[in-house]
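The values are calculated or read from the model by the stated rules, or taken from the named source; none is laboratory data. Everything quoted here is computed from the prediction, not taken from an experiment. Here the Cβ positions follow ideal geometry from the backbone for every residue, glycine too, while neighbour counts run over all protein chains shown. Heavy atoms of the whole protein, side chains included, go into the accessibility calculation; ligands, DNA and RNA do not. Shrake-Rupley method; radii C 1.70, N 1.55, O 1.52, S 1.80 Å.
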Amino acid sequence: MQETNFRAQGPSTTRRSFLHSAVGLAGTAALGTVVRGSNAAWAATATVKGYGVTTAQLKDWSIMTKSNGVTMDYTPTNTDIGIFMRDVVSNDLGEVNDIFIFDGGTEHVLGPQGYYAEIDENHPELKLWKRTPDSWKRSDFLRANGKQYGVPVIGNGDCFGYFPKPIDANPNGQDEIPWTTFYEGEKVKGRVAIDRSWLQSMSEAANCLKYHNKVKLEDPGDLTKEEAQQVVDYLVERKRAGQFRTIFSAFEEQIQLLSNKEVDMINCWEPAVKEANIKLGPNTTIYAYTVEGYYKWGHGAYVSAKAMNRGNVDNIYKVLNYFLSGEYRAYQNRDRGYAGPNMDLGLEYEKDHNWPQQDMNTLKATEAKVSKKFEKPFFGKTTPVHADVMEEEWQRFLNA
């Protein structure tokens, strides 16, 4: 199998090493030092600095600036939780960033350790908080130990993108495609790309094996050593059989592999399919409905504890409120295909701003799509208890 590597790989930082380092850092520094910083250097400004996953950002942040007067200075990263947590803790990103956007789960460590500030639900700039459904704002991926650390941003159920013709699927995209086609389909053998992220790829394989009663396991997102061994045994067998063409790391690679038609199936993010179709044409490649389920996730916006002493809190909360707004929801749905809280405000925004009926139909379809996906019984975890053994076994797959 040919393995592509489109970006330079930094130091290998894992959740396991982070958890050890986070505990160590907390043990050697008083919590009071967590909010240290040179406040004099932070005069009140209409700029908010953000750091987080690529697909949470608007393609054009000036849209938000016109809406609420705040300029976003955003640094994107990928979804490697080890790198993210290392940057927040060891590289002290809270010293220069106001908001972090990442998969839910980080708040269970970074909240109690003092890197995230609690959300002030009564802040006057958080105007849409009360009307935001509890199903979003009280989600587990935003809270830890009974405290609110995050504001909901986006959510989805991840699976794979595919070209319909090679697997004889209906090009309307409504077929439920089994994950077994991804792992075992002879028609796509050697034309499948799999994500290097063990957190996602192992969980997806585990869920497929559990669904088809090939492996007995409790939680696909948190595998014991014995369970992880069985899942990786299966993946190694499929790798050696030639099922996978490449292992990828970055969002840009997802787009490239699809746009260049280098693969027929790829367990990617939905925006990669949308980006590829800009080049290839509408619905050339499809983001699947699956038989077995999805890697379900939600992104939250978390405030750096150090930012609370920089005189910029009102602007930070204007941005948090913007993530709950109809404008953000409309643009995220149109450009990324993602759902989130207050979808009704997104539709209202599109109507008020005379967006094409097609865009309004797309938003309604996205809301229905996510509801359909979330009926499936699978949910991923960003902070599994058995992260050590899962990562250790995953290395065996990568090295096979």
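Going by what's in this entry, would Ala250 be described as open to solvent by less than 20 Å² (accessible area, probe 1.4 Å), in contact with a strand residue (DSSP E or B) (Cβ under 9 Å, 6 or more places away or on another chain) and closer than 24 Å to Ala56 by Cα? So Ala250 does not fit the description; no.
If the condition is being more than 19 Å from Asn321 (Cα to Cα) and not acidic (Asp, Glu), then region 122-164 contributes Ala144, Asn145, Gly146, Asn156, Gly157, Cys159, Phe160, Gly161, Tyr162, Phe163, Pro164.
Remark: Gly221 falls outside the filter, which requires a residue to be within 24 Å of the chain's Cα centre (by Cα), under 30 Å from Ile316 (Cα atoms) and not charged (D, E, K, R).
Look at Ala43 and say whether it is over 19 Å from Gly150 (Cβ atoms) and either surrounded by fewer than 17 Cβ atoms within 10 Å (Cβ to Cβ) or at pLDDT below 95 (or both). So Ala43 passes the test.
Scanning region 271-296 for residues that are open to solvent by 20 Å² or more (accessible area, probe 1.4 Å) and in contact (Cβ under 8 Å) with a residue 40 or more places away in the chain yields Lys274, Asn283, Thr284, Tyr287, Tyr289, Val291.
If we scan region 66-74, do we find a residue that is hydroxyl-bearing (Ser, Thr, Tyr), at pLDDT 95 or above, within 19 Å of the chain's Cα centre (by Cα) and within 16 Å of Lys318 (Cβ to Cβ)?
As a first pass, look at region 66-74 and keep what is hydroxyl-bearing (Ser, Thr, Tyr): 67, 71, 74.
Imposing the further condition that a residue be at pLDDT 95 or above reduces the set to 67, 71, 74.
In the following step, the residues that additionally are within 19 Å of the chain's Cα centre (by Cα) were identified as 74.
This time we only want the ones that are within 16 Å of Lys318 (Cβ to Cβ), so: 74.
Checked against the condition, which is being hydroxyl-bearing (Ser, Thr, Tyr), at pLDDT 95 or above, within 19 Å of the chain's Cα centre (by Cα) and within 16 Å of Lys318 (Cβ to Cβ), region 66-74 yields at least one hit.
Does region 346-369 include one or more residues that are of a type in the set (Lys, Arg), at pLDDT below 95 and touching a Ser or Thr at 6+ places or on another chain (Cβ under 6 Å)? No: region 346-369 contains no residue that is of a type in the set (Lys, Arg), at pLDDT below 95 and touching a Ser or Thr at 6+ places or on another chain (Cβ under 6 Å).
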